[in-house]
Amino acid sequence: MKRLLLAAAMSAAAVCASAQAQDYGLNPTYGTVNLSAGFMPDPYRVDVVSGGNIDASWIQGCVGMISDAPDVRLNYSAGGYELFLNVASDYDTTLVVNGPDGQWYCDDDSGGGLTPGLAFYPAMSGQYDIWIGSYNGQFENAELQISEVRN
């Protein structure tokens, strides 16, 4: 009987854990961007609305509320440049990225003030799934900025 209860508890825990996971298999809300090293204009800008109903803290080091589907998908062909992802907004936003290496990268305020920013050096070629979070849980206008130039 104890084994049956333990198995049921483990199954329930696995279902709960998978319910929190972001689904980078979903189509991105604000589209897919395809860029190669040396792209112009730089920065490349995408208007988004930050936030969602999922607490990003299930990913170690992440904060803010994000959506299930990525906000933007970036397919990037690297070529010796750094890659910078920043968010511009009048509100407190966060940044969550699933990189081409399958790792999670997160930031809250490294871009200065309430601005999140991530730098990849060397930049990796491949798919970056990007979520723009809202620290306070509100849905707010924001702009994702993709650049190869440090600001």
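Bear in mind that the values in this text are calculations on the coordinates, not laboratory data. This is a predicted model, so every value here is computed, not measured. Here Cβ is always computed from backbone atoms with ideal geometry, including for glycine, and neighbour counts include all displayed protein chains.
For the subset of segment 56-71 comprising residues that are β-branched (Val, Ile, Thr) and surrounded by fewer than 22 Cβ atoms within 10 Å (Cβ to Cβ), which member is farthest from Asn98 (Cα to Cα)? In this case the residue turns out to be Val63.
So, in segment 110-151, exactly how many residues are part of a strand (DSSP E or B) and out of contact with any Ser or Thr (no Cβ under 8 Å at 6 or more places or on another chain)? Break it down stepwise before answering.
Going residue by residue through segment 110-151, those that are part of a strand (DSSP E or B) are 117-120, 126-134, 140-147.
With the extra rule that they be out of contact with any Ser or Thr (no Cβ under 8 Å at 6 or more places or on another chain), the set shrinks to 119-120, 126-130, 144-147.
Going through segment 110-151 one residue at a time, the tally reaches 11.
For segment 90-132, give me each residue that is polar (S, T, N, Q), over 16 Å from Gly64 (Cα atoms) and free of Cβ contacts under 8 Å to residues at least 24 places away in the same chain. Before you say what the answer is, go through the steps one by one.
So in segment 90-132, the residues polar (S, T, N, Q) come out as 93-94, 98, 103, 110, 115, 125, 127.
Remaining after also requiring over 16 Å from Gly64 (Cα atoms): 103, 125, 127.
The one that is polar (S, T, N, Q), over 16 Å from Gly64 (Cα atoms) and free of Cβ contacts under 8 Å to residues at least 24 places away in the same chain: Gln103.
Of the residues screened, Asp92 is not one that is crowded, with 20+ Cβ neighbours inside 10 Å, under 15 Å from Val33 (Cβ atoms) and among the acidic types (Asp, Glu). Do we have Asp101 as surrounded by fewer than 14 Cβ atoms within 10 Å (Cβ to Cβ) and within 14 Å of Val49 (Cβ to Cβ) here? Taking the combined requirement at face value, the residue does not satisfy it.
Restricted to segment 104-120, and to residues there that are within 16 Å of Pro43 (Cβ to Cβ) and under 11 Å from the mean Cα position of the chain (by Cα), the residue that is surrounded by the most Cβ atoms within 10 Å (Cβ to Cβ) is Pro116.
For residues that are within 15 Å of Leu85 (Cα to Cα) and not hydrophobic (A, V, I, L, M, F, W, C), scanning just segment 39-62, find the one that is farthest from the chain's Cα centre (by Cα). Across segment 39-62, the extreme among qualifying residues is Pro41.
Screening the candidates Tyr91, Tyr76 for the property of being within 19 Å of Gly113 (Cβ to Cβ) and aromatic (Phe, Trp, Tyr) yields one hit, Tyr91.
Selection over segment 32-44 of residues that are of a type outside the set (Ser, Thr, Tyr), surrounded by fewer than 13 Cβ atoms within 10 Å (Cβ to Cβ) and touching a residue at least 12 places away in the same chain (Cβ under 8 Å) gives a count of 2.
For segment 37-68, filtering for residues that are hydroxyl-bearing (Ser, Thr, Tyr) and in contact with a Gly (Cβ under 7 Å, 6 or more places away or on another chain) leaves 2.
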